[in-house]
Amino acid sequence: MSTSSSRPLLEVRGIVAGYGSVEVLHQVSVEVPEGEIVTLIGGNGAGKSTTLMCISGIVPVRAGEIHFAGECISSATSRVRADKLVGRGLVQVPEGRRIFPRMTVLENLMMGAFSRNDKAGVAHDLERVYSLFDILKSRSGQLGGTLSGGEQQMLAIGRAILSKPRLLMMDEPSMGIAPLIVTRIFDAVRELNREGLTILLVEQNARAALRLAHHGSVLETGRVTLTDKASRLLDDPRVREAYLGEG
Amino acid sequence: MTATEVFLQQVIYGLSNGMIIALVALGYTMVYGIVELINFAHGDVFTLGGFLALTIVGALGAAAVLNPDTLGDSSHWLLLATLVIGAGLFCGGLNVLIDRVVYKPLRSAPKLTQLVAAIGVSFILVNIALFWGGAPMKILGNGNAAAASKNFPEILEGSNLLGEESNVVLRLEDLAIFAVTIPLMIGLTLFVKHTRLGRGMRATAQNPIAAKLMGIDTDRVISATFLIGGFLAGAASVMWSVYNNSISFQMGFRAGMDAFTAAVLGGIGSLPGAMIGGVLIGLIRSLSDGYIETRWTNVVVFGVLILILVFRPSGLLGLKQREKV
């Protein structure tokens with residue numbers, strides 16, 4: 001375990017992946033150092049979500065390797081099953097939130113703790129989620145499907161926190177949500193990171209994501225075209241023109 | 001018989017048959033809820049449960065077991081429990097096997113492919129039942145005609161529990177059906193609501209990818225679902241055989257049709273829906289038999305189904321169209 005101190009917590013090395021005969025990721029490499037927020041920005045269909053699904057073990061990689069905490073979790077020949085990765089701390093807040101609509105808010109949150117046995121730790125994390133998003137506490141008995149989009153996003157993040165992540169991956173948390181709520185959610189992400197949580201954030205909202213992140217990569221049609229400090233990407237003319245609506 | 005007595009009698013028939021239909025319907029609805037497959041082979045798994053039960057009765061030496069003089073009265077209940085558990089485990093295991101061998105490789109194939117595969121499995125099972133019926137076993141009887149109905153020995157004494165003078169007949173079989181089906185339904189409800197595996201099943205039904213991201217082994221959940229659905233079908237087939245004193249290789253077709261209708265009527269995917277749908281189909285059947293005419297019963301049952309689907313397309317307790325992201 002100590003060998004990983006110098007290496008990034010997550011290393012995606014040249015992965016190739018797709019669905020059927022369609023190749024979506026051609027050679028994607030991303031690194032997420034421990035304690036950082038790294039963002040992956042890019043347009044629709046660039047392969048951002050597929051990258052996260054590969055890391056989570058849902059979509060198999062056809063070439064390349066994914067290493068987490070110093071161990072290979074996915075390659076063309078072997079893959080740690082998705083449900084096993086959660087217990088190792090690799091947790092995803094998926095695109096479109098994917099909450100359980102016919103479970104209550106509390107039941108949804110507790111599904112996040114499905115693989116855990118430490119009751120005290122779960123109770124502590126539940127309180128943490130409630131302090132982060134107090135609306136979830138007041139709605140704890142309500143069915144997940146009846147929440148608004150922003151509340152569902154908070155629920156999805158809360159549920160992920162209850163999985164006790166070492167690396168939290170978030171897929172488009174701002175999608176379809178009122179700007180005011182997006183600010184609240186991004187504030188929460190920043191706070192979680194300050195407490196030491198490593199975050200990989202996938203976003204179409206490039207400006208907000210780059211302001212939040214330490215490092216960033218640009219994904220275009222299945223290839224990483226730029227990787228740099230987030231502050232430098234914000235000033236990069238190519239990024240400004242393509243993703244920030246300037247230029 | 002007075003009008004009230006006729007009504008009561010039909011209600012007793014309807015409830016008994018309805019509880020059996022409900023057990024089978026649960027298998028349809030659970031599997032649909034988890035993998036969105038109409039398992040057309042489910043009725044035929046039910047059939048094989050009946051054949052296994054009859055074979056067990058034969059193997060135990062029916063005559064000796066069924067003679068109340070040689071064994072205590074409780075032996076009947078012991079035999080019934082043996083049959084329910086034996087056929088339940090057999091049908092559950094068979095259902096898991098079918099899923100592993102046929103449905104699992106097709107999980108991401110188009111729905112039509114899966115449906116055709118299920119119909120194919122149904123044909124295979126019907127023919128296994130036919131073969132089984134022709135096997136040279138004394139208990140199967142009825143000459144060598146494989147397709148003939150087989151007598152299922154009377155396991156429970158047949159006297160009227162309401163007294164010999166009563167016109168309304170309530171038999172021990174009716175009580176046995178309630179004694180078996182109601183605990184199974186309550187048990188299933190508690191299991192799904194309160195156990196870890198049950199929570200995993202609900203999560204998988206509501207969003208399979210999210211379930212995996214929660215650390216749920218969805219393959220195990222799917223196997224468990226087929227196991228439980230098959231077990232309920234096996235238990236139902238034993239009760240059906242005991243109730244009707246006869247089995248045939250086609251018995252699963254009728255029972256499966258009724259149960260599938262019940263599952264749709266209650267709202268496919270919903271457990272309480274399948275239970276309520278099953279009892280309703282049983283009642284509609286028996287009331288139609290009693291008040292209209294037996295030959296019109298199928299018309300009445302499916303007519304009611306069509307009406308409900310027109311005015312409430314997702315069934316009585318069904319959910320609105322599942323949202324897909």
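Rule-based calculations on the coordinates, nothing more; no lab input. From a predicted model like this one, the values you see are computed outputs, not experimental measurements. Virtual Cβ from ideal backbone geometry, glycine too; neighbours counted across all protein chains shown.
Among the residues making up the stretch B:104-152, those that are under 20 Å from the mean Cα position of the chain (by Cα), not small (G, A, S) and not in a helix (DSSP H, G or I) are B:K150, B:N151, B:F152. Residues that are farther than 23 Å from A:G89 by Cβ: list the helices (runs of 4 or more DSSP H) wholly contained in the stretch A:100-147 that include at least 3 such residues. It comes to A:134-138. Is it the case that B:I21 is part of a helix (DSSP H, G or I), at negative phi and either crowded, with 16+ Cβ neighbours inside 10 Å or not charged (D, E, K, R) (or both)? It is true that B:I21 is part of a helix (DSSP H, G or I), at negative phi and either crowded, with 16+ Cβ neighbours inside 10 Å or not charged (D, E, K, R) (or both). Of the residues contained in the stretch A:130-138, one or more are found to be under 19 Å from the mean Cα position of the chain (by Cα), away from every other protein chain (no Cβ under 11 Å) and not hydroxyl-bearing (S, T, Y).
A quick yes/no check of all residues on (1) of a type outside the set (D, E); (2) surrounded by fewer than 24 Cβ atoms within 10 Å (Cβ to Cβ); (3) farther than 23 Å from B:A224 by Cβ; (4) touching an Asp or Glu at 6+ places or on another chain (Cβ under 6 Å):
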residue	(1), (2), (3), (4)
B:A25	yes, no, no, no
B:T29	yes, no, no, no
B:L54	yes, no, yes, no
B:L60	yes, yes, yes, no
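Checking each residue in the stretch A:109-128 for being more than 9 Å from chain B (Cβ to nearest Cβ) and surrounded by 19 or more Cβ atoms within 10 Å (Cβ to Cβ) picks out A:L109, A:D125, A:L126.
Out of all the residues in the stretch A:43-88, which are crowded, with 21+ Cβ neighbours inside 10 Å, within 13 Å of chain B (Cβ to nearest Cβ), over 14 Å from the mean Cα position of the chain (by Cα) and of a type in the set (G, A, S)? Hit for the stretch A:43-88 is A:A82, nothing else.
Filtered by the rule that a residue be free of Cβ contacts under 8 Å to residues at least 60 places away in the same chain, buried (at least 16 other Cβ atoms within 10 Å of the Cβ) and assigned to a helix (DSSP H, G or I), the stretch A:196-232 gives A:R207, A:A208.
Restricting attention to the stretch A:148-162, the residues that are charged (D, E, K, R) and either away from chain B (no Cβ under 12 Å) or in a loop (DSSP other than H, G, I, E, B) (or both) add up to 1. Taking the stretch B:162-220 and the helices (runs of 4 or more DSSP H) fully enclosed by it, the elements with 3 or more residues that are within 14 Å of another protein chain (Cβ to nearest Cβ) and touching a residue at least 24 places away in the same chain (Cβ under 8 Å) are at B:196-206. Of all residues in the stretch A:178-186, one or more are away from chain B (no Cβ under 14 Å), more than 27 Å from A:I66 (Cα to Cα) and in contact with a Pro (Cβ under 6 Å, 6 or more places away or on another chain).
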